[in-house]
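Structure, as structure tokens:
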Amino acid sequence: MRNVFIPLLSALFLFMAGSLIINWQLWHMATMSTAEAARISTHKIDTILNEAVSATNTAQRVAEQGCTDRGQLDLGTEAALKPHLRAIMIEQKGRIICTSLPGNGVLIIHPETLPNLKLMLLPGRRLLNDVPVLIFQTPIANGRIMISISDAHLRDVMAGVSEGLNLSLQVGDHSLKRTGDVSIVASSHEVPVMVSSTMFPFSITWQPLPFFNSTRLVQQGWSLLLLIFFLSVVMGILLRRYMGKSTTFEDDLRKAITKGEITPYYQPVVNGETGGLYGVEVLARWKHPKSGFIPPDVFIPIAERSGLIIPLTKNLMAKVVSQLKPLSPKLPDGFHIGINVSASHINSSSFIGDCHAFGQGFKGKKVKLVLEITEREPLLDNPHLIENLNTLHDAGFVIALDDFGTGYSGLSCLNNLAIDYIKIDKSFVNRVTEQKDSTMLLDCVIELAKKLSLSIVAEGVETKEQLDYLNRNEITLLQGYYFGKPVSYIELIKLLLSKPREKIKLYENEKM
Ligand code: C2E
Ligand code: CA
Ligand code: CA
């Protein structure tokens, strides 16, 4: 799951980040080119207005001489030669005395009422032909010269620079867009961006471009989007492969459990009095396909920390059932099958059910199921854990306290926990040698166990001296390399098949 999720997320992240960068690049380019278009438009309108300045000079001369036929012809010629100018008018004492139009025609409705501004935009309704104009005015003695500039030229300037941009010409609080009439600039929240002319009182404005624009992104950035999509997919696939290869030890263990690589080994527990096979302890073995056998001391603590101990033990229980159940006719009556259970599992809600399922597997068979709980873990103080074990004890399970003598909670839990026997840790048995004082520690542990009236299994019996010592101390249940190392299922079958049921003996007791 994690191996799919992380590459998927990373690929998605790369694609999103790439798209964001492409979008930013397109936005930046659009912003820059809009500003550039505005600068070019400003420059072109400056040029148009310079035509008006030059025409004003002519008009001033005409005004000085009065509106003669010659003067009107000069105005008409000037307007005709200046391609962007529509009409030139001379106003004196509140009256239009001369214009460039035939018959001194005037297109502006009541031009004398216009304010004395150098530059202004007039909406279509102020003109007889309903077409908006830009008016350039210059004051003269007793009046002013008014030059109108066609809106079509202004719009052409703004459109010609860049077809797709929405530039406006703003003069005072009036504005002329590329399309539509002159309008009053709304004092909206969105402040337009502008480039102002340094020569005349006008600006070219535009609304700030939206940072994200899906149409712009797809239309202008599709090839880069395709490339980044391809790269994201490739990265996702590579990451997926890499993660598939580099897994943690915990992942390896999880896989090993699912693949059934953890198998039970069986170590004999012997009855010291009779020499007969009393039972086996199930010990987990992990045969790693590459690293070979990994000892339980390495993977059990990790399984405990990660919670994998629960599926591990359940799998092990199921395997023990499937392996030992068919052998039950070969097993001595009351044969003990010990399995190690960890505190975190005992504490879990599934524990009682898991043990019952284990027990169900041997239903009708004369075997005793032993739950070995280690005394090393301080969790034995936990009342819930004790309660679960006592419930199972009442249900017929045997409870063994493992590694007795090494822990610190053992004695405190003995009052509440129904324990059938203790297993003396091999570290105590190991100390027993031919030397005189070597048994001191074990003497104490045995004495303690006897005082507490607990049955005892001695672990780690390796030598004849140790066996003799245990026999002398009437420790009847024994386990250790002296009798047999943990063996595979096949080895166990061989052992059981080699002798009839009642005669399975791992050593000849000298007392017999
Ligand atoms: P343990 O429960 O105390 O198991 C006995 C350990 O002592 C086993 O080691 C066994 O191979 C070893 N042993 C037995 N006789 C002798 C001997 O004469 N000399 C020496 N030197 N060693 C002997 P193993 O199999 O390596 O297991 C180590 C520990 O890992 C176990 O100690 C137990 O605490 C844990 N373990 C093993 N399998 C499981 C499991 O399925 N579940 C849990 N929770 N723990 C397990
Ligand atoms: Ca054990
Ligand atoms: Ca032990």
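Just to be sure, is Ala152 surrounded by fewer than 21 Cβ atoms within 10 Å (Cβ to Cβ), small (Gly, Ala, Ser), in the same structural domain as Asp74 (by TED's automatic domain parsing) and under 21 Å from Ile45 (Cα atoms)?
yes
In the range 255-293, which residue that is at pLDDT below 95 and among the aromatic types (Phe, Trp, Tyr) is farthest from ligand 3 (Cβ to nearest atom)?
Of everything passing the filter in the range 255-293, Phe293 is farthest from ligand 3 (Cβ to nearest atom).
Could you tell me which of the residues Ile419, Ile493 is surrounded by 14 or more Cβ atoms within 10 Å (Cβ to Cβ) and closer than 18 Å to Ala400 by Cα?
Ile419
When you check Gly18 against the structure, is it at pLDDT below 90 and among the small types (Gly, Ala, Ser), yes or no?
no
May I ask you to say which residue of Val367, Val341, Val280, Val298 is in contact (Cβ under 8 Å) with a residue 24 or more places away in the chain and open to solvent by 20 Å² or more (accessible area, probe 1.4 Å)?
Checking each option against the conditions leaves just Val367.
Does Leu442 satisfy the condition of being modelled with pLDDT of 90 or more, part of a helix (DSSP H, G or I), open to solvent by less than 30 Å² (accessible area, probe 1.4 Å) and within 16 Å of ligand 1 (Cβ to nearest atom)?
no
For the range 44-66, what are the residues that are closer than 27 Å to Asp130 by Cβ and open to solvent by less than 60 Å² (accessible area, probe 1.4 Å)?
Passing the criteria: Ile45, Ile48, Leu49, Glu51, Ala52, Ala55, Thr56, Ala59.
Can you tell me which residue among Val461, Val445, Val429 is within 16 Å of ligand 3 (Cβ to nearest atom), touching a Leu at 6+ places or on another chain (Cβ under 7 Å) and in contact (Cβ under 8 Å) with a residue 40 or more places away in the chain?
Selected residue: Val429, the only one of Val461, Val445, Val429 that is within 16 Å of ligand 3 (Cβ to nearest atom), touching a Leu at 6+ places or on another chain (Cβ under 7 Å) and in contact (Cβ under 8 Å) with a residue 40 or more places away in the chain.
From the list Ser409, Ser322, which one is away from ligand 3 (no atom under 15 Å from the Cβ), modelled with pLDDT of 95 or more and small (Gly, Ala, Ser)?
Unique residue meeting the criteria: Ser322.
Is there a residue in the range 216-229 that is within 30 Å of Ala284 (Cα to Cα) and out of contact with any Pro (no Cβ under 8 Å at 6 or more places or on another chain)?
no
Can you tell me which residue among Leu312, Leu385, Leu392, Leu308 is more than 14 Å from ligand 2 (Cβ to nearest atom), among the hydrophobic types (A, V, I, L, M, F, W, C) and surrounded by fewer than 21 Cβ atoms within 10 Å (Cβ to Cβ)?
Of Leu312, Leu385, Leu392, Leu308, the one residue that is more than 14 Å from ligand 2 (Cβ to nearest atom), among the hydrophobic types (A, V, I, L, M, F, W, C) and surrounded by fewer than 21 Cβ atoms within 10 Å (Cβ to Cβ) is Leu308.
Please specify each residue of the range 264-277 satisfying the condition of being buried (at least 19 other Cβ atoms within 10 Å of the Cβ) and either at positive phi or of a type in the set (Val, Ile, Thr) (or both).
Val269, Val270, Gly275
Restricting to the range 192-223, name every residue that is of a type in the set (A, V, I, L, M, F, W, C) and in contact (Cβ under 8 Å) with a residue 12 or more places away in the chain.
Val193, Met194, Val195, Met199, Phe200, Phe202, Ile204, Trp206, Leu209, Phe211, Phe212, Leu217
Hey, Ile475 hits all of (1) in a loop (DSSP other than H, G, I, E, B); (2) in contact (Cβ under 8 Å) with a residue 12 or more places away in the chain; (3) away from ligand 3 (no atom under 16 Å from the Cβ); (4) touching a Gly at 6+ places or on another chain (Cβ under 9 Å) but one; which does it fall short on?
With (1) in a loop (DSSP other than H, G, I, E, B); (2) in contact (Cβ under 8 Å) with a residue 12 or more places away in the chain; (3) away from ligand 3 (no atom under 16 Å from the Cβ); (4) touching a Gly at 6+ places or on another chain (Cβ under 9 Å) applied to Ile475, the lone miss is (3).
The values are calculated or read from the model by the stated rules, or taken from the named source; none is laboratory data. Because the structure is predicted, anything quoted here is derived from the model rather than measured. Please note: Cβ atoms are built from the backbone with ideal geometry, for glycine as well, and neighbour counts cover all protein chains shown. When the accessible area is computed, the model is the full protein with side chains, heavy atoms only, and any ligands, DNA or RNA have been set aside. Shrake-Rupley method; radii C 1.70, N 1.55, O 1.52, S 1.80 Å.
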